[in-house]
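Okay, structure first, notes after.
The values are calculated or read from the model by the stated rules, or taken from the named source; none is laboratory data. Predicted, not measured: the structure shown is a model, and the values here were computed from it. Cβ placement follows ideal geometry from the backbone for every residue including glycine, while neighbour counts extend to all protein chains displayed. All accessible areas refer to the heavy atoms of the entire protein, side chains included, with ligands and DNA or RNA removed. Shrake-Rupley method; radii C 1.70, N 1.55, O 1.52, S 1.80 Å.
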Amino acid sequence: VVEQLLPILETQLKQHEAPLVRIFKGADGMRAVFEDMLRERKAIFFYGGAMQGFRFYLKDYTKIWNKRREKLRMPVKFIFIDQPGVRNAFKGFNYFSAKPLPEKLYSSVAWWLYANKMVLVFWSHDPLAVMIENPDLAKTYRNFFNLVWKTAGKKNKS
C-alpha cells in the first residue's frame, strides 16, 4: 500500500512551488510594494493596521497611488482597526470596501494580500515589509481574510 502511495505523494510535492521571499525596507521599499500591486492589477486585501501608510508614512505618495488604483478599477477590501481618524482616511475612495475590528486588536503589524503574494508589514520609524510569493500561502490567507470579513464590523451578542 505504501508503495502505491509514494508516486502520488511525490507528484503532490513537485506541484508545490517553493515560496519566493523578498524584504523591503523604508519608505522606498514600501513604495516598491505598492507599485507591485499596481503592476499585478488584482484585487487587494488589507488586514489589520490603521492605515499607517496613508495617514503617516507615505501620505503624499499613497494619495497618488490610490488615484492610479482607482483608474485601474482595482478593488480593495480592508479590515481595519477602528481608531479615531481611520474611517476618514478612506472616505470617498472608489472600488473600496472596509470593515472595522475593535481597537483592542491594534498591532503595528499588518498584512496585505494580492495576486499570489502576501506581505507582512511592520510599521515603525523605518517600515519593513516581507513579501512571500506562493499560491498556496495566498489561498490560505485569502480564505482566512474572507472568514474574518464575514464577522468584522458586527457587534457581539453576549
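Tabulated values for the structure
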read-out: Single residue of D60, D126 found to be in contact (Cβ under 8 Å) with a residue 60 or more places away in the chain, surrounded by fewer than 13 Cβ atoms within 10 Å (Cβ to Cβ) and over 17 Å from M37 (Cα atoms); value: D126
read-out: Residue check, N143 within 18 Å of T62 (Cα to Cα), outside any strand (DSSP E or B) and either touching a residue at least 12 places away in the same chain (Cβ under 8 Å) or open to solvent by 60 Å² or more (accessible area, probe 1.4 Å) (or both); value: no
read-out: Test result for V21, loosely packed, with under 13 Cβ neighbours inside 10 Å and among the hydrophobic types (A, V, I, L, M, F, W, C); value: yes
read-out: All positions within segment 85-109 that are more than 20 Å from I64 (Cβ to Cβ), among the charged types (D, E, K, R) and over 17 Å from the mean Cα position of the chain (by Cα); value: R87, E103, K104
read-out: One residue from R68, R73 being open to solvent by 40 Å² or more (accessible area, probe 1.4 Å), on the phi > 0 side of the Ramachandran plot and at pLDDT 95 or above; value: R73
read-out: Every pair of residues 6+ apart whose Cβ atoms lie under 9 Å, when the first sits in segment 12-30 and is modelled with pLDDT under 85 while the second is charged (D, E, K, R); value: H16/D136; E17/E133; E17/D136
read-out: Subset of segment 78-94 (residues that are touching an Asp or Glu at 6+ places or on another chain (Cβ under 8 Å), modelled with pLDDT of 80 or more and either farther than 23 Å from F144 by Cα or part of a loop (DSSP other than H, G, I, E, B) (or both)); value: D82, F93, N94
read-out: Breaking point among (1) closer than 20 Å to G29 by Cα; (2) of a type in the set (S, T, Y); (3) without any contact (Cβ under 8 Å) to a residue 40 or more places away in the chain; (4) touching a strand residue (DSSP E or B) at 6+ places or on another chain (Cβ under 8 Å), for Y95; value: (1)
read-out: Selection count where residues are over 12 Å from F46 (Cα atoms) and open to solvent by 50 Å² or more (accessible area, probe 1.4 Å), scope segment 109-123; value: 2
read-out: Any chance D136 is open to solvent by 50 Å² or more (accessible area, probe 1.4 Å), outside any loop (DSSP other than H, G, I, E, B), touching a residue at least 60 places away in the same chain (Cβ under 8 Å) and among the acidic types (D, E); value: yes
read-out: Top-ranked residue of segment 95-108 - restricted to ones that are part of a loop (DSSP other than H, G, I, E, B) and at pLDDT below 85, ranked as surrounded by the most Cβ atoms within 10 Å (Cβ to Cβ); value: Y106
